[in-house]
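Notes follow once the structure below has been shown.
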Amino acid sequence: MDNITRIRTKTPAPYKLVAIEPDTHDTKMFRFELPVAATLDMLPGDFLYLHAAINGKQIKRPYTPSSLVGTTGFFDLTVKRYEAGSVSKHLHDQRIGETVLMSGPNNGGHWVDGMAKRVGFVAGGTGITPMISIIRWILINKIDAELFLIFANKTESDIIFRQEWERNLRDYSNFHCHHVLEQPPLGWSGDTGRVTSEILRQHLPAPAPDTCLFLCGPPPMVDALESTLKELGYSEQAIILP
């Protein structure tokens, strides 16, 4: 019998911050407490709103939990600190033991088991956060799907979840990962510059009824690549924006 409580709130509720771990030079994982037998009521790729009062104004921003869906007792948010991002700076300024207001989960562009046999992911920077939940879910649950990730960043030090990608490549034959850097280090073997139609063609599964793609990143990147993907033959229904 399922005795797990599934949490979903329409109004902001306080969640206690219980752990903080660095991921990159400006990105951290924030762990929030849930009751022992409780989990967030969500599918991989769904998101929460984080609410904050900043300079006398109520602001909310969407963040996708990076922890595995169905985890009980806690959930994680992986957030990059942006100097121009008032909410990301607010979260990075929090200390363990303090509470943060959040509402949701809310339905985003999410994964549903059986929706595809070949799954492409194109992420730019923190656009990777909704995808990590989906990738973890498919790999850990041994779902019959082949995964292809294209991950674009400014520098090598900006690659979020870097060790996990390398571990997945070793441990899962159905996981493929290709990095693109704007400012690569000497000896870099991946692609450089921006994600092009040729990179998409080489490193994503071809358009097919059993293929879907998740696309997330800075809005200019998403707008440009969504058009490019359609030009390459992917249908609008096959392109999912978390």
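The values are calculated or read from the model by the stated rules, or taken from the named source; none is laboratory data. From a predicted model like this one, the values you see are computed outputs, not experimental measurements. Positions of Cβ are generated from backbone atoms using ideal geometry, with glycine treated the same way; all protein chains shown enter the neighbour counts.
Some points to look at:
- Subset of the range 172-205 (residues that are more than 18 Å from Met131 (Cα to Cα) and in a helix (DSSP H, G or I)): Ser197, Glu198, Ile199, Arg201, Gln202
- Close pairs (6 angstrom Cβ cut-off, 6 or more residues apart or separate chains): closer than 17 Å to Gln202 by Cβ in the range 173-185, at pLDDT below 95 and assigned to a loop (DSSP other than H, G, I, E, B) anywhere: His179/Gly190
- Residue that is surrounded by the most Cβ atoms within 10 Å (Cβ to Cβ), among those in the range 218-240 that are at pLDDT 95 or above and in a loop (DSSP other than H, G, I, E, B): Tyr234
- Residue match in the range 53-70 (condition: crowded, with 20+ Cβ neighbours inside 10 Å, touching a residue at least 40 places away in the same chain (Cβ under 8 Å), of a type outside the set (Ser, Thr, Tyr) and touching a strand residue (DSSP E or B) at 6+ places or on another chain (Cβ under 9 Å)): yes
- Options Pro62, Pro44; residue that is in a loop (DSSP other than H, G, I, E, B), assigned by TED's automatic domain parsing to the domain that holds Asp76 and closer than 26 Å to Gly109 by Cβ: Pro44
- Strands (runs of 3 or more DSSP E) wholly inside the range 71-158 that include at least 2 residues being touching a residue at least 60 places away in the same chain (Cβ under 8 Å): 74-80, 99-106, 118-124
- Some residue of the range 13-35 being charged (D, E, K, R), free of Cβ contacts under 8 Å to residues at least 12 places away in the same chain and surrounded by fewer than 18 Cβ atoms within 10 Å (Cβ to Cβ): yes
- Residue list for the range 183-217, filter: acidic (Asp, Glu) and either exposed (fewer than 11 other Cβ atoms within 10 Å of the Cβ) or touching a Lys or Arg at 6+ places or on another chain (Cβ under 8 Å) (or both): Glu198, Asp210
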